[in-house]
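The values are calculated or read from the model by the stated rules, or taken from the named source; none is laboratory data. If you're wondering where the values come from, they're calculated on a predicted model, not measured in any experiment. Cβ placement follows ideal geometry from the backbone for every residue including glycine, while neighbour counts extend to all protein chains displayed. Surface areas here come from the heavy atoms of the whole protein model, side chains and all, with no ligands, DNA or RNA. Shrake-Rupley method; radii C 1.70, N 1.55, O 1.52, S 1.80 Å.
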Amino acid sequence: MNPPISQSLSAQIEELRRRIAHAERWAVLSGAGMSAESGIPTFRDAQTGFWAKFDPMQLASEEGFRADPAGVWNWYAQRREGVRRAQPNAGHVALANYAHRWPDRLSIITQNVDDLHQRVGSEGVISLHGDILQDRWLNPCPQPGEEGRPCQVAHAQAQPGEPPRCARCGNWVRPGVVWFGENLPQEAWRAAEDAVAQADVLLVVGTSGAVWPAAGLAEQARQQGAFVAVLNPQNSELDEVAHLRLLGTAAQVLPALLAPLL
Ligand code: NAD
């Protein structure tokens, strides 16, 4: 059960709803907090976050993977299981319902590597940090086969307790997420910048604002004249960029915000 919405939060929700109702286009930038109420831990929440228990550079970097492929692979295997078991929450559903009712007005940009926005039918979700359920090669395929095509990752040979490997050259399989020190997928980044450039309102949901360049989208939106709101039960590094802060959770506030617009 979500906590009741206080009077001041209710007034903030109303203001944001007014802005959205008058916006030609708007965008959501979601982070790990969007999926927290689905039971997927965030990275930075002190009590439950992954980084409270593990060293990020070991688990989310190419160097870390090369140093301990089995350990990192198994950690991702557990996270994949957690994502598969998780169910989208009322916040994911509220955004999808809105977009269904008002096609082409809302862009969802996510830093999340889970598929919970997509599972409730949100279309065109811009995923900045990849997809934890996808595999890809660690190195570019060094021995392209017929017609110069790279070996297919789906044909990699599974090995118990270790990442699968290419039967031809031994290339490792790694999870399809963006690790620290890696570039964002160019197409997704361009789509995110375009969506923000067209948005009259940007709603930032459940992100600490500590991971760049994604966090920079909030500043970009503000500089380009958009109204920026931050939805987060805690302080975040984007609070100073926000015109409006809503101290609440995704599953609590998004349905209250959007249901009256359906
Ligand atoms: P983060 O862990 O740094 O921050 C999470 C934020 O969510 C915090 O500010 C916290 O106060 C807020 N939060 C917690 N519960 C909330 C709720 N119920 N509603 C709204 N906000 C809530 O996450 P980040 O900013 O997204 O950045 C870190 C990186 O973590 C991203 O690159 C992302 O790929 C990765 N990540 C993704 C997942 C996922 O896919 N579900 C999970 C963990 C981490």
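Build a GNM of the chain with springs between Cα atoms under 10 Å apart, and of Glu14, Glu24, Glu147 the one that fluctuates most is Glu147. Between the helical axis of 186-198 and the dominant principal axis of the chain, each derived from Cα atoms, what acute angle in degrees is found, rounded to the nearest 10? The angle comes out near 10 degrees.
With all protein chains kept in place, the per residue accessible area of the chain amounts to 51 square angstrom at a probe of 1.4 angstrom. Per-residue Karplus couplings for region 161-178, computed as 6.51 cos²θ - 1.76 cosθ + 1.60 with θ equal to phi - 60°, are listed in order as x, 9, x, x, 10, 6, 5, 7, 10, x, 3, 7, 8, 10, x, x, 10, 8 Hz, Gly and Pro entered as x. When Asp131, Asp239, Asp55 are compared by accessible surface with a 1.4 Å probe, the order from highest to lowest is Asp55, Asp131, Asp239.
Here's the picture: charge each Lys and Arg Cβ at +1 and each Asp and Glu Cβ at -1 in the chain, and of Ile40, Leu59, Leu247 the one pushed furthest to the positive end of that dipole is Ile40. Of the solvent-accessible surface of the chain, computed with a 1.4 Å probe and all protein chains present, 48% belongs to carbon and sulfur. Backbone geometry of region 86-96 corresponds, through the Karplus equation with coefficients 6.51, -1.76 and 1.60 at θ = phi - 60°, to 3J(HN,Hα) couplings of 5, 10, x, 9, 4, x, 4, 5, 4, 5, 5 Hz, x marking Gly and Pro. Distance between the modelled labels on Leu244 and Gln143, one decimal in nanometres: 6.0 nm (7 Å Cα→Cβ projection).
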